[in-house]
Every structure is written in structure tokens, then in C-alpha cells.
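**Q** Pasting in a structure now, in C-alpha cells, and then I'll have a few things to ask.
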Amino acid sequence: MITRRQLLGTTAAGAAAALAAPALAQSGAPIRLVVPYGPGGSTDTAGRVLAERMSADLGRTIIVENRPGGGTMVGMQNVATSKPDGSALLLTTTTAALLPAFDIPLQVEPQKQLAMVAQFADIPCVFAVSTKHPAKNWAEFTEWLKKEPNQVYYATSSTGGLPHLWGELISAKNGGKLQHIPYKAAAEALRDTVAGHVPAFVDVTTPVDQQIRGGTMRGLLCGAPERVAAVGDVPTAKELGMPDLEAAVYFGVSAPAGTPAEIIQRYNTAINAALKVESVRERLMSMGFIPTGGAPEAYTQRLAAETNRWRKVIKDAKIPPPA
């Protein structure tokens, strides 16, 4: 396991990272970036954008390898059990924080068996209603919720995912009880909300942003700390006086636990450099991602904090683990 001292990125670690760069460049073997989803989706595309830029920086070929299944557990297990020599990386998702929050046995304990390299990007959550619903803003919606507790429904793509947990947190915060309707896919949930069969829909900014711009849905609340261009007319939780309702699906990069600190630092430098390139930022933002970046310890701390945050929501709302 990487120690806290190693992760802190001291001056000595920075010097070691500089020495590690030539060693990385000399090796001819490609680096695997495992994406725990199938090819073609926005997460896969984002991973390929990052891999291409990192490859140029590191002087090493990075091959994106799709390993979907098990709610990202297949991909996590593949990387967690790989040699800790820098040859395997994982495009890590929110599930690295959410799954441990259910306190159930897991094939992989992500925060113990993976070493966090860097945060990558966020996609904020959005609470939206069909334009067939009379609520024009958050105040009107919550007023309805208080008048008819247990009669107001919201749709998401699954049970136990971040949109579901966020909906439960919103419910508790606003003194009413939202009723959750899980669907098999976000597209189905979105379709029924647009049609007015379900009043509200909770997911990330993409694809609901297209429906908001098209006038078939009305965004009432965004979980980002600042307004997001894709849903620029939707007020943030902070603007509405609820900063504790900020929420986003977030992505990062991790490696097998035990990967040398100098390699972690070298990859961290490459990721942060990639996220400063304008063409990379524009490509990511066009897909709804907000580039983040940061130090390894910041990502490690965020995962731990999010696990604690959502563990309470799961316990209070008695939410079962994802199937």
C-alpha cells in the first residue's frame, strides 16, 4: 500500500518523479487504461481523449481497454489485481466511493486495493421536471412536495446510484418524501418524464441538458458549485441556499495499490497537464464533463468523504445495494 507520506507529494517525491520520467519513456510496453464501461459512451470517449494526450506527454502508448460489468467491479478488479508497476491504470468512477458506503462484502475494496492518481472530471447532477408539470421553479416544486408528501415521484436509471441517493438527500432536506421509481436505463426514465408519466427526473447534466434546451423539460436544481454552461439557466444548490446539496458523478484515474509513488506522481503530472490543454478541455466540456485535476491525496480524501456522506443517506433512507 502507498503510505500517506508517499502520497503527500513532498519535494523529495517530486524529485523522484522527475527521475522516473526517463525510466517510463525507455520502456516499450504500452500502458493499459481500463474503462469499466463498454465502448462508445461518453465515459469511454473521455478516457480516450485523456489517454491520447497522456501518451504524448509520457512518450508511451496508452491502450484503452473496455471491461464493463458488475457495476464497474469487473474493471476495478482487473486493475486492482494487476502488477503495481505502472502498466495498468483505471478510469475510476463514483462507484469507488458509493459501493463501500453500502457496507457489503465486495470483490474489490477500491479505496484499499487501488492507489488514487488524480481526479479527472465531474458531471453535476440535475433535478428536472416535465414541462407538463406546473412547477416553474424550485420553490414551487417543494411547496407541492410539502402539500402532498409521499405522492411526488422522481425517476432515475437505477436503485442505489448517485441520482437515487441525491434524490433521497433532497427529499430529507426539503421536509417531504419523494418517491423513487427506478428504471433499467436513463433513456427510459427520461422518456416517461418528458411524457409527463413521472413528474421529475434526476440524473447528470447529459442527456437532460438537451431536453431542457429543447423545451420539453425544466431544470430546477443543479448540483454544481457554479452554473454549468450546458444547463446555464438552472440555478445551483448554493444559489438556492442549499450548498450541502451539491452532487456530481466524478471520474479519476487510479492504479494498483503498491504502485511506486514516483510513478503515481508522474502520471498525476501528465493528467493535470492534459487537463490544461484547451482542445482537451473543450472536447470534455462538449460532452458535459467539467475538468478538475488535482493531487493524488485530494482524490483519496474526496472518495473517503463521499463514502461517509452517502453512507448516512443510505442508512437513513434504508436504500438497498445496487443489484
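**Q** Hey, what angle do you get for helix 42-58 against the long axis of the chain, alpha-carbon based, 0 to 90 degrees rounded to 10?
**A** 20
**Q** Is region 124-245 best put as rounded, prolate or oblate by its Cα gyration tensor, with a ≥ b ≥ c the root eigenvalues, rounded for a/c under 1.5, and otherwise prolate when a/b is larger than b/c, oblate when not?
**A** rounded
**Q** Also, I was wondering about something else. If each residue's Cβ is checked for other Cβ atoms within 10 Å, how do L89, L99, L275 rank with the fewest at the top?
**A** Ordered from fewest to most neighbouring Cβ atoms within 10 Å, L89, L99, L275 come out as L275, L99, L89.
**Q** Continuing with the same structure: Only bridges with both residues in region 124-245 count here: give the DSSP antiparallel percent, nearest 5.
**A** 55
**Q** How far, in nm, would the chain grow between A29 and K83 when pulled straight, counting 0.36 nm per residue and subtracting the alpha carbon separation?
**A** Difference between extended and current length: 18.1 nm.
**Q** Per 0.36 nm of contour for each residue apart, how much would the distance between K318 and M285 grow if the chain were fully extended, relative to their Cα-Cα spacing?
**A** Taking 0.36 nm per residue and subtracting the Cα distance, the gain is 8.4 nm.
**Q** Among DSSP beta bridges lying fully in the chain, give the percent that are antiparallel, nearest 5.
**A** Taking every DSSP beta bridge with both residues in the chain, the antiparallel ones total about 60 percent.
**Q** Please say if the chain is rounded, prolate or oblate, where rounded means a/c under 1.5 for a ≥ b ≥ c the square roots of the C-alpha gyration tensor eigenvalues, and otherwise the choice is prolate for a/b larger than b/c and oblate otherwise?
**A** Note, shape of the chain comes out prolate.
**Q** Another question about this same structure. At 0.36 nm per residue, minus the direct Cα-Cα distance, what do K132 and Q210 gain on full extension? Give it in nm, one decimal, please.
**A** Value of the extension gain: 26.4 nm.
**Q** Modelled label-to-label distance, R311 and E246, 7 Å Cα→beta-carbon offset: nm?
**A** Placing both labels 7 Å along Cα→Cβ, they lie 2.2 nm apart.
**Q** Given a Förster radius of 41 Å and the C-beta distance between A139 and A56 as r, what FRET efficiency does 1/(1 + (r/R0)^6) yield to the nearest 0.05?
**A** So, using R0 = 41 Å, E works out to roughly 0.25.
**Q** Determine, for region 124-245, the count of lysine pairs separated by eight or more sequence positions (or lying on different chains) whose alpha-carbon distance falls under 20 Å.
**A** 12
**Q** Taking 7 Å along the Cα-to-C-beta vector as the label spot, tell me the N150-R191 distance in nanometres, rounded to one decimal.
**A** 3.2
**Q** Also, I was wondering about something else. Roughly how tilted is helix 205-214, in degrees to the nearest 10 and between 0 and 90, from the longest Cα axis of the chain?
**A** 40
**Q** Mind pulling the angle between the C-alpha long axis of helix 296-317 and the longest principal axis of the chain? Nearest 10 degrees, somewhere in 0 to 90.
**A** 30
Every number here is computed from the coordinates shown, using simple stated rules; none is lab data. If you're wondering where the values come from, they're calculated on a predicted model, not measured in any experiment. FYI the Cβ positions are ideal-geometry reconstructions off the backbone, even for glycines, and counts take in every protein chain you see.
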